[in-house]
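The values are calculated or read from the model by the stated rules, or taken from the named source; none is laboratory data. What you see is a predicted model, and the numbers here were worked out from it, not measured in a lab. Here Cβ is always computed from backbone atoms with ideal geometry, including for glycine, and neighbour counts include all displayed protein chains. Quick note on the areas: whole protein, heavy atoms, side chains included, nothing else; ligands and nucleic acids left out. Shrake-Rupley method; radii C 1.70, N 1.55, O 1.52, S 1.80 Å.
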Amino acid sequence: MVLFGVLTMILAIALFSLRIPAIYFYRITIILLLYSALLSYNSLYVDLIGSGVGVFGGLFQVTTITQSIDLFIYLVGALVLLLSSRANGLNSTLVNKSKGLSVLAEYPLIALFSVLGMSSLISSSDLVSMFLSIELQSFAVYILATIYRESESATSAGLKYFLLGSLSSALILLGSSLLYSFTGLTNFEGLYMLCSTTTANTAIEISVLLIMVGLLFKVSAAPFHNWAPDVYDGVPTVVTTWLTTMPKISFLVFVLEFQGFTQLANWSSWTYLLLISSLLSLLVGTIGGLAQYRIKRLLTYSTISHVGFLLLALAINNEESVESFLFYLIQYTLTNVNVFFILVSFGYLLQTKGLSIYSPIQYINQLKGQLKVNPLLGLSLAICLFSMAGIPPLMGFFGKQMVLYAATHNGNFFLAFVAILVSVISAAYYLRVIKVIHFDPTPTSELSSSLNNSNKDVTNDQSVVAGELTTSSSLVIATITLLLIFFIINPTPLLNSVHLITLNLFYW
């Protein structure tokens, strides 16, 4: 369905982009993603899906897990596009209406390409389909990062993203080619059978580890994280929402499914790589975030820290840890999307001259006095940050508690202790943002002037137009915020769903 939508959108944009308002392309894409989610949900009732169905000659394997994650990817993609349609509409009127229209029309099409690559990746069961799926979504996000050609910072960030993303893709390709040269196989099932019937092969192990290092680059896990703060801070906020959320879902779920090697032999090096990366991500994400004064860089280091928790769950790789991994991934994705919804909403409400048209909220100090502008938005952001910090009884607390519970049961007491320690320390920079919003006075004109002078993408002849929150944005923010608060009242649906997916992975 997504492939059909991509082909349809290509023709529609080529033929009608100058006559149809670009907002319609967003709406069509959102409806398409929601319909695709409905189809994925209905396919869960097909009995054959439980044990997996090979399609396209075994290049892809459709299972309950892939369909469930597809459902989640489509829903989150629709939410992010809902945010982008509103923000892009404001930006295009401030930049250039003729150029802004073409950018608006192309944005949902490129997002669809990215979603198609993500959906293909998590269903991949062959080295060829794996690499093609990775490149499909990678090139799409490279284009999204540089889609605003008038922005110097976005162009610079997109170029850095492309170069380092190409490096990680080269590592994945190198590992795949070595794996094929050593085994003569590309199908994962054949590789699993070969590894289960032979003794540990160092050459095969090195090949798989090269692929894993490339995947860790893609999810910005330490020590392969250096590109992430510059890229996520340089691109517009609505693009940052997509980059920090969507690719990580597909890559992390693919790593979960790719771990079949570790269950067949004593692959301690794979586990050690994940544990070391998890430890470094926890430390780098926490320590690096303490020194940040730009809001998106702070959220980037926060993301790195959360990736550390996810990698810890992946390294343990048993039923308990996989269940905690899926729950943590879902709750963190929703919380992260809500935070960016709120940041973009704060940008609408600003009336200060000289702000960037691409990222109105760049500095933490710009959030001073925002509680007076919209108290409910300030309260929602505080709840989301508390959830990220793991404050009970919010949803984020249960995610961390499940990961730590699985780690201690598996005997990883040192990493569990480090995770608890960094959670306490990371609360400091979350609380600093909450303090700025709720207790600091409104910024003076001198601060606004200094922000103007340090910003390369400002509007010189007009101020940012103050807008009102749309009903859709308000509904999304309110729904996710209430879910974070009241999850404890009825946690059964989500926990049961995650539990059933996990059982299907281990006992099909």
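Each Lys or Arg adds one and each Asp or Glu takes one away; over the other residues whose Cβ falls under 14 Å from the Cβ of residue 498, this sums to -3. Across the chain, Cα-Cα pairs more than 33 Å apart make up 37 percent of the total. Within the stretch 13-47, whose backbone N sits under 15 Å from a point 7 Å along Cα→Cβ of residue 4? Taking a point 7 Å out along Cα→Cβ of residue 4, the residues of the stretch 13-47 whose backbone N falls under 15 Å are 29, 31-43.
Return the FRET efficiency for the residue pair residue 11, residue 226: r is the Cβ-Cβ distance, R0 is 51 Å, and the value is rounded to the nearest 0.05. After rounding, the FRET efficiency stands at 0.80. Here is the size of the stretch 1-56 from its Cα atoms: Rg then Dmax, 15.4, 48 Å. You can think of it this way: the chain between residue 24 and residue 485 has 162.6 nm of extra reach, that is 0.36 nm per residue less the Cα-Cα gap.
Among 209, 291, 416, whose Cα projects farthest towards the positive end of the dipole of the chain, with charges put on the beta-carbon of Lys, Arg (+1) and Asp, Glu (-1)? Of the candidates, 291 comes out farthest on the positive side.
With all protein chains kept in place, the per residue accessible area of the chain amounts to 40 square angstrom at a probe of 1.4 angstrom. From helices alone, the chain scores -25500 deg cm²/dmol at 222 nm; the rule is -39500 (n - 2.57) for each run of n ≥ 4 DSSP H residues, then divide by the residue total.
Here the Karplus relation 6.51 cos²θ - 1.76 cosθ + 1.60, evaluated at θ = phi - 60°, turns the backbone of the stretch 321-327 into coupling constants of 6, 5, 4, 5, 4, 5, 5 Hz, with x for every Gly and Pro. Whenever you get a sec, compute what percent of the accessible area on the stretch 8-59 sits on carbon and sulfur atoms (1.4 Å probe). Roughly 73 percent, rounded to a whole number.
Could you check how much of the accessible area of the stretch 201-331 is carbon and sulfur, as a whole percent, using a 1.4 Å probe? C and S fraction of accessible area: 61 percent.
Label-to-label distance, residue 376 versus residue 203, with points set 7 angstrom from Cα along the beta-carbon direction: 6.4 nm.
Which whole-angstrom value gives the distance between the alpha carbon centres of the stretch 128-204 and the stretch 368-435? Between the Cα centre of the stretch 128-204 and that of the stretch 368-435, the gap is 32 Å.
Here the contact order of the chain, divided by its residue count and restricted to Cα pairs under 8 Å and six or more residues apart, works out to 14 percent. Sorted largest first, the spans of the alpha carbon positions of the stretch 130-271 along the three principal axes are 56, 24, 20 Å.
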